[in-house]
Each structure stands twice: as C-alpha cells, then as structure tokens.
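Here's the structure we're looking at; comments come further down.
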Amino acid sequence: MVSFYADAPQSPVSTPKRIPKRLREGLSHLLQSIYPDHNNDALVAGALGAFWPDEEGPRPRGRPPGNTLWSEKDSYIITYGNTFVNGEHKPLDLLYDFLDTRLRDVATGVHILPYFPYTSDDGFAVTDYYAVDGMLGAWEDIGRIAGQFRLMSDLVINHCSSQSVMFNEYRLGHPPYDRFFFEASPEEDLSMVVRPRAHPLLREVETANGTKHVWCTFSHDQVDFDFSNPEVLLEFLRILRFHVDHGVRTIRLDAIAYLWKEIGSPSIHLQQTHAVVRLLRLLSDFCKHPLVLITETNVPNAENLSYFGNRNETHVVYNFSLPPLLLHALLHGTSKHLNAWQMSMPPAQLGCTYFNFTASHDGIGMRPAEGLLSDEEIDGVIATAKRFGGLASMRKMPDGSVRTYEINIALFDALKGTVNGEDEWNIERFLCSQTIALGLEGIPGIYIHSLLGTGNDYEGVEKSGHNRAINRRRWHYPDLLDQLEDPQSPHARVFQGLTRLLKLRARQPGFHPNATQFTLQLGDKLFGFWRQSLDRSQSIFAIHNLTAETVTVPVMSLNLIGGEVWTDLISGEEIGPAGSEISFEPYQCRWITN
C-alpha cells in the first residue's frame, strides 16, 4: 500500500527471513481468530512485514513475563506538548527544559499526550499519525525527550479526524481507504451500544459511493475505523513501528475498548478487541526494544482488569477506580470504600502492574466507581465537586436518558474542602491524595497540573467551549517559573512536596510496582496498607489520615518486627516502643519502614 503521508513507511516491504516459530504460530492463531474468512498466510506475512519492514527482525525468543520492565524508581509525568508556552520558543523545547532542569532526578518517564496534527479534542482527532504538530515542534524534539526519559505516546487506534487524509480518501471512494471506516444504517437497532457520550452515534456523510452513515463513538469529528478490514490493523502496525523507531517505549492504547463493532452488540470489550491487544503484546514481546503496553479503558473495575488477559494482553492497566474513590474518601473523611475496593483488588499477575493516577487531562471518570459507590454516593461526589467549581460531562444511556460520565475539575480545587465546605487544609489534603497514589502497588502517573497545583481554568473553558479544558491550562512559562521560585506560593509548595515524595519513593524497594501489598484495618479515618519488597528485606507501613482531625493509633496495632528500628521516611521520626501511640496530624501521611 502506498501511503499519502510523507514520513510513512512505504510498501512493498520485505518480510524478515528468520521468524521464530512461536511468533509465527502465535500470529497465525490470533489472526485466524480475528479474520477467519481471510487468507491466514498472507495476513501473517503482512503483519510481520508491517512491524519489521527492514532486516533487523524480531528477537529470537519472546520476552517472558517478569517484573524487570519497571522498578520502584519509575514514575511518569503526564502532560500536553504545549503545557508551557512563552511566544518565543517551541513548546516542546520548553517542555524539555522543564523536564531537564526540574525533573531529571524525580521521574523516569513522560507521557506526552497526542503531539500529532489534529482538528479537535486537544489532539485525539489525529489527521496524520506520522507527523508532529508543527505548532509544538518536530520529531527531533520528541527524540530529545525520549533520549532522557522513557516516552509514553498515544496510539489513537479507535478513530481519526474527519478531516484526515484517510477519511478524505474514504469520501472520494479511493481504495484501500474506501473500506477503512465503520458504517451502519440508522434503521438498525443500535440501542445496545455502550456510549461514553450523548451525541448521536452515526454521522451522515456524502461519498463517491453514495450517502453513508459512519460510526462516531466520541464526536462527529472523530470517525471510527473498521477493524473488520485487516488492512486497518496492518496500517496501525506500521504506525506503531514508526513510533517505536522514533523513541516511543510505552504505548498507550487509547479508547481500545471500543475498537471492534458488531451491530446488535454493546460494541465494547468484544473478543476481537482482546485478540488485537494480544497480537500487539505478542509483537511487543518479540521487539528488540523493551516495549510496555498500557490500556486506557475508563470503565467499571472488573471490565478494566480484563485487559491483563492471562499475562498475554497489556503489561499495565490504568487504575481508573482510584480517582473517584480517593476523591470520595477525602471529601467524606472515610476509608470505608477505599478499604473495601483495595481488599478486593487482585495482585497484578507476573509481568503486569497497575498505573496509579489521581487526575488526568480528562475528567474524573465516574463509571469506574459503579458498583463500588452507591448511586447516591456518586451523586454526592458530583454535587460537592460542582460546589468547588467543577463541571460535568454526560453520556447517553440505553433508555435515552443522560448520566454524568465524568467530573471536569482540577483535582487541586476538587480538594479545597470537604462535604462540609471549604477549609484551610487544601494543600495538606491534596498532598495526602498524591501520597496514597505513590505508595500503592503499581507505577505512579502524575498529571502535570497536579504536580504544579494548578486550579480550574475557566478562561480555557470559555475559549474552547469544552468542559475538559478546565484542567488543561497552558502556563506562560516565565510566570510558572516565578511561581515556583516563590516558596509561599501554593504551586511551589505542592511542587516541592510532591517532588520530594517522588525522590523518596524511588529509593524504597518496598515500593517496587510488584511488591507485596496488604490492606490495614485501622478505622475509617485512616487508610493504610503494608508493602514488602520482592526480596522481603524492606517493609513499609503506608498510613494516611483522611480527616482534618488529629488521629492516634497504638504502635501495637501495626505488626512492627521487634528488635528493629522503625522510622517514618516522610518526617524522619523514629517510631516509639510497643506501648506508645503514633499520632497523625490532619491529612498527615507516614511511610513507616525498617
């Protein structure tokens, strides 16, 4: 296939000569299950040629499941490419400067949200997967960041912009793009389709082949691909290889749950979708570069965990239930639901782990709280967030009603008070939320505006007309640096507090993403868990006061091994003898270790 994109790899390509038997057989099995009516040998050759177009070829053996792809040192900063602007330098230059001067010894990875040319949704309506948005910079700027930090990049695999070259070619009826997008009839029963939005699912478009109705899960500017056409899958394997060749080492599968559609089904989490994920994992395991796959599935907890598969799908899943549960806990001052959820969470399988985040470029999703909080409790969290300036985005239900899909609010402002109203504990409460996420089993992902203590951006909402812009502020870089140099500013206090914790965490083997974890029962006012390093040499009792009260617990309530000196890593205090008590000031957190 000849691509219309200047930087895209061009066909024909040569298939590697030495293909491990396990790789070939694995691809054959998966492609047969996805495309039973297509020539399997041709599909296997096409997949191999798309992902290994040159003579380098795959590893002789696949990378086995293990816990060596990450360690306690790892954390990611999540940011847009243009979070920092000054009117003079490329935004990616400013991002590199911030990462290099402020975060070199703090975080190991950076997730740059879609940095490709786009038309809407702040990058998630991609027009060209092979280019960097010229308003941000160029591939050399991406490469410079990837040379210093592990780069996570979005594979926006479910849809592309309605103004992309691919969709324009579809409308003109030019093959192969004339079969690249999913079509349906308005006469068909689509009531079972799980919707993350409230707009009509289908968009009418005029094409050279007549009037068509294309499937648009997220917006009418984001048109869904038709993966029942294997050429679509092969094109995304070329795109993935291109990104890997430009330094991407962690691949975020955006909106992957909606990838496969079938009329008369919910069109979410279908077996073909899971098979495509397993295929991507297989290719990643045989890639010479150590790749990590992470799924973005903002759905109820059990559905989210299904993307671990049997250690054969993604390496990492977003811990989507954490943000709404954490918000509820700190607004109400109770660990009741956090404890129940944490106790029910399975340890990640070997070769897998969680991605722990508290805020993102999107809102705080409420679907992952379903079944964990009651409808009344969910409504209470939404109402409190609105009191603190938050907005809400809606989704359409099968009966035609609408329901809140996510709360749109900067987390710093969401925690400016409790259900009782605003108070003076904003920074302490906010840092408590971050400390909890840093200690849990998994890898921390810190959204840039959490790192900076950024509040609600109403000007951004007004300019864009989109609720999500409330948590996507673009900082004037000199203004931000001035704020960070002022030790009394909330931005400096949050940044210093959080970066100190990240550095501290990175030195504790007890915080390895796969270290043992048990939930502690210390009463509703405290949330605690015990971590133990893989070699069992270090234990950490991570305990957090969720209230504005001073809380004490007897030392005897913790199973501190006698004869060892136990210290709170955060305060530096030595924990007293067995008969004494441990005091927690409002929202104080302790990492008590031997």
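Specify the inter-centroid distance of the range 286-364 and the range 372-443, based on alpha-carbon positions, in whole Å.
17
Roll a 1.4 Å probe over the protein heavy atoms and report the accessible area of Tyr258 in Å², nearest 10.
It works out to around 20 Å².
So which of Lys386/Lys525; Lys73/Lys288; Lys416/Lys463; Lys21/Lys261; Lys288/Lys503; Lys336/Lys525 end up more than 20 Å apart by C-alpha? Could the numbers behind the result be given before it?
Values: Lys386/Lys525 24 Å; Lys73/Lys288 23 Å; Lys416/Lys463 25 Å; Lys21/Lys261 32 Å; Lys288/Lys503 30 Å; Lys336/Lys525 9 Å.
Flagged as over cut-off: Lys386/Lys525; Lys73/Lys288; Lys416/Lys463; Lys21/Lys261; Lys288/Lys503.
Could you work out how far apart the two model spin labels at Asp486 and His289 are, taking each label as a point 7 Å from the Cα in the direction of the beta carbon, and quote it in nm?
In this crude spin-label approximation the distance works out to 4.1 nm.
Evaluate the charge dipole of the range 44-194 about its Cα centre and quote only its size in Debye, nearest 20, assuming +1 on the Cβ of each Lys and Arg and -1 on the Cβ of each Asp and Glu.
Numbers: 11 positive and 23 negative charges, 127 e Å.
Using only the charged Cβ atoms, the result is roughly 600 debye.
Given axes a ≥ b ≥ c from the Cα gyration tensor, I'd like to know whether the range 354-474 is rounded (a/c under 1.5), prolate (a/b larger than b/c) or oblate. Show your work: numbers first, answer last.
Numbers: a/c = 1.40, a/b = 1.19, b/c = 1.18.
Judged from the Cα gyration tensor, the range 354-474 comes out rounded (a/c under 1.5).
Report the calculated FRET efficiency for Asp399 and Asn67 (r = Cβ-Cβ distance, R0 = 35 Å), to the nearest 0.05. Let's see the in-between values first.
Numbers: r = 45 Å, r/R0 = 1.28.
Working from the Cβ atoms, E equals 0.20.
Calculate what fraction, in whole %, of the accessible area of the chain sits on carbon and sulfur atoms when a 1.4 Å probe is rolled over the protein chains.
Numbers: 11050 of 22270 Å².
The computed percentage sits at 50.
Counting pairs of alpha carbon atoms under 8 Å apart in space and at least six apart in sequence, what relative contact order in percent does the range 18-169 give?
Values: 167 pairs, mean separation 27.4, N = 152.
Over the range 18-169, the number comes to 18 percent.
Using the reciprocal of the averaged 1/r over all distinct C-alpha pairs, how large is the Kirkwood radius of the range 464-594 in Å?
17.1
What does the accessible area of Asp535 come to, in Å² to the nearest 10, when a probe of 1.4 Å is used?
110
For the chain, what is the calculated [θ] at 222 nm in deg cm²/dmol (nearest 500), taking -39500 (n - 2.57) for each run of four or more DSSP H residues and dividing by its residue count? Please report the intermediate quantities before stating the final value.
On the way: 17 runs with 179 residues, N = 594.
Only helices count here, giving -9000 deg cm²/dmol.
With both bridge residues required to lie in the chain, what share of the DSSP beta bridges run antiparallel, to the nearest 5%?
60
Just the number please: accessible area per residue for the chain, 1.4 Å probe, all protein chains included, in Å². Mind dumping the intermediate values first?
On the way: 22270 Å² over 594 residues.
The answer is 37 Å² per residue.
Given charges of +1 on the Cβ of Lys and Arg and -1 on the Cβ of Asp and Glu, with all other atoms neutral, how large is the dipole of the range 470-564 about its Cα centre, in debye to the nearest 20?
Numbers: 11 positive and 8 negative charges, 63 e Å.
So the dipole magnitude of the range 470-564 works out to roughly 300 debye.
Quick one: order Phe286, Phe182 from most to least accessible surface, probe 1.4 Å.
Working: Phe286 0, Phe182 25 Å².
Sorted descending by solvent-accessible area, the residues read Phe182, Phe286.
Sort Lys503, Lys212 from largest to smallest accessible area, using a 1.4 Å probe on the heavy atoms of the protein chains. Could you put the intermediate results ahead of the total?
On the way: Lys503 80, Lys212 55 Å².
Order by accessible area, largest first: Lys503, Lys212.
Can you check what the net charge comes to around Phe518, using other residues whose Cβ is under 15 Å from the Cβ of Phe518 (Lys, Arg +1; Asp, Glu -1)?
Values: positive: Arg531, Arg536; negative: Glu441.
Summing Lys/Arg as +1 and Asp/Glu as -1 gives +1.
Can you give me the orientation-averaged projected area of the convex hull built on the Cα atoms of the range 254-332, in nm²?
On the way: hull surface 26.1 nm².
Hull-based average projected area comes out at 6.5 nm².
Could you work out how far helix 426-439 tilts from the main Cα principal axis of the chain, as a 0 to 90 degree angle to the nearest 10?
On a 0 to 90 degree scale, this one is about 70.
Looking at Val223, Ala125, Leu48, which one has the Cα that reaches farthest to the positive end of the dipole of the chain (charges on Cβ: Lys, Arg +1; Asp, Glu -1)?
Most positive-ward Cα: Leu48.
Within a Cβ distance under 14 Å of Asp122, other residues only, what is the Lys/Arg minus Asp/Glu net charge? Please report the intermediate quantities before stating the final value.
Details: positive: Lys463, Arg468, Arg472, Arg473, Arg474; negative: Asp121, Asp133, Asp154, Asp221, Asp254, Asp362, Asp457.
Taking every other residue near Asp122 into account, the sum is -2.
What percent do you get for the relative contact order of the range 296-452 when only Cα pairs under 8 Å and 6+ apart count? Please report the intermediate quantities before stating the final value.
Numbers: 235 pairs, mean separation 40.2, N = 157.
Relative CO of the range 296-452 lands at 26 percent.
Just report the Cα centroid separation between the range 146-218 and the range 532-594, whole Å.
Taking the Cα centre of each part, the range 146-218 and the range 532-594 sit 52 Å apart.
Using 0.36 nm per residue of separation minus the Cα-Cα distance, give me the extension gain between Asn39 and Ala340 in nm, one decimal. List each step's numbers first, then the result.
Working: separation 301, 0.36 × 301 = 108.36 nm, distance 4.91 nm.
Gain in length upon complete extension: 103.4 nm.
Would you tell me the accessible area of Cys432, worked out with a 1.4 angstrom probe on the heavy atoms of the protein chains, in Å² to the nearest 10?
Surface open to solvent at Cys432 totals about 0 Å².
At what distance in nm do the modelled label points of Arg500 and Met192 sit from each other, each positioned 7 Å from its Cα along Cα→Cβ?
Taking the simple label geometry, Arg500 and Met192 are separated by 5.6 nm.
Can you compute the charge dipole magnitude of the chain about its Cα centre, using +1 on each Lys and Arg Cβ and -1 on each Asp and Glu Cβ, nothing else charged? Give it in debye, rounded to the nearest 20.
On the way: 52 positive and 71 negative charges, 321 e Å.
The dipole magnitude comes to about 1540 debye.
Of the options Phe529, Ser164, Ser191, report the single residue whose Cα projects farthest towards the positive end of the charge dipole of the chain (beta-carbon charges: Lys, Arg +1; Asp, Glu -1).
Looking along the dipole axis, the top candidate is Phe529.
Out of Asn514, Ile443, His466, whose Cα points farthest toward the positive end of the dipole of the range 423-537 (charges: +1 Lys, Arg; -1 Asp, Glu; placed on Cβ)?
The residue sitting most towards the positive pole is Asn514.
Note down the nm distance, to one decimal, between modelled labels 7 Å out along Cα→Cβ at Glu424 and at Asp100.
4.3
Taking all protein chains together and a probe of 1.4 Å, list Lys90, Lys463, Lys261 from the most accessible to the least accessible.
Working: Lys90 70, Lys463 160, Lys261 15 Å².
Largest accessible area first, the list is Lys463, Lys90, Lys261.
Which whole-number percent is the relative contact order of the chain (Cα, under 8 Å, 6+ apart)? Please list the in-between numbers first.
Working: 1230 pairs, mean separation 75.6, N = 594.
Normalised by residue count, the contact order of the chain is 13 percent.
The values are calculated or read from the model by the stated rules, or taken from the named source; none is laboratory data. These numbers were taken from a predicted model, which means no experiment stands behind them. A quick note on method: Cβ atoms are made from the backbone with ideal geometry, for glycine too, and the neighbour counts reach across all protein chains shown. For the accessible areas, the whole protein counts, side chains as well, though only heavy atoms, and no ligand, DNA or RNA atoms are used. Shrake-Rupley method; radii C 1.70, N 1.55, O 1.52, S 1.80 Å.
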